[in-house]
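The structure appears below as structure tokens.
The values are calculated or read from the model by the stated rules, or taken from the named source; none is laboratory data. On a predicted model such as this, the values are computed, not experimentally measured, just so you know. Here Cβ is always computed from backbone atoms with ideal geometry, including for glycine, and neighbour counts include all displayed protein chains.
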Amino acid sequence: MAILIDSFHNGERGPQRFRQRRCGHLVSDHSLEELHEFAEGLGLRREWLHTRTGRGPDRAIPHYDLTGEFYEMALSRGAEVVSSKDLVRRAVRLTDYRKPEDSLIDSAFHRVVL
């Protein structure tokens, strides 16, 4: 069971304050609750959770976007840096890829091995 994070530079996309910064997607390879607990320890709010990365259920990866000090804090608290490909392969997926409610239990999630 691990918290995973990939690494990329934002380049010229997004808000000015996030340009040219190291960024990443924070996911769990175990459960949504594990992800929420880790994110809460970083000071992130649950409503910042992203649940869609594309079309279809294979793209419904719950994650938090991290930049700057949040990225560095995640690393210092034990997040494992992996490639984006490995992150997608190992991350839990939503079986119902609509926006999850806080009351959604972990049984609605599964790990997909590609």
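How many residues are assigned to a helix (DSSP H, G or I) and at pLDDT 95 or above if we restrict to the range 58-67? Please lay out each step first, then the result.
Quick first cut of the range 58-67, residues assigned to a helix (DSSP H, G or I) only: 58-59.
From what is left, the residues that are at pLDDT 95 or above are none.
The number of residues fulfilling the criteria is 0.
Within the range 2-17, is even one residue at pLDDT 80 or above, over 13 Å from residue 93 (Cα atoms) and assigned to a helix (DSSP H, G or I)?
Our first condition is that a residue be at pLDDT 80 or above; within the range 2-17, this holds for 2-8.
Checking which are over 13 Å from residue 93 (Cα atoms) leaves us with 2-8.
Next, only the ones that are assigned to a helix (DSSP H, G or I) stay: none.
No - not one qualifying residue is present in the range 2-17.
Across the range 71-96, which residue is nearest to residue 52 (Cα to Cα) among those that are surrounded by 16 or more Cβ atoms within 10 Å (Cβ to Cβ) and without any contact (Cβ under 8 Å) to a residue 40 or more places away in the chain?
Here the residue is 93.
List every residue pair whose Cβ atoms lie under 7 Å apart, where the two residues are 6 or more positions apart in sequence or sit on different chains, the first residue falls within the range 23-35 and is more than 15 Å from residue 60 (Cβ to Cβ), and the second residue, located anywhere, is hydroxyl-bearing (Ser, Thr, Tyr).
Partner pairs satisfying both residue conditions: 23/67; 23/71; 24/7; 24/71; 26/64; 34/28.
Any chance the range 37-57 includes a residue that's modelled with pLDDT of 90 or more, surrounded by 11 or more Cβ atoms within 10 Å (Cβ to Cβ), of a type outside the set (S, T, N, Q) and touching an Asp or Glu at 6+ places or on another chain (Cβ under 7 Å)?
Checking the range 37-57: at least one residue is modelled with pLDDT of 90 or more, surrounded by 11 or more Cβ atoms within 10 Å (Cβ to Cβ), of a type outside the set (S, T, N, Q) and touching an Asp or Glu at 6+ places or on another chain (Cβ under 7 Å).
So, in the range 92-114, exactly how many residues are in contact with a Leu (Cβ under 7 Å, 6 or more places away or on another chain), under 14 Å from residue 29 (Cβ atoms) and either modelled with pLDDT of 50 or more or not in a helix (DSSP H, G or I) (or both)?
Of the residues in that region, 2 qualify.
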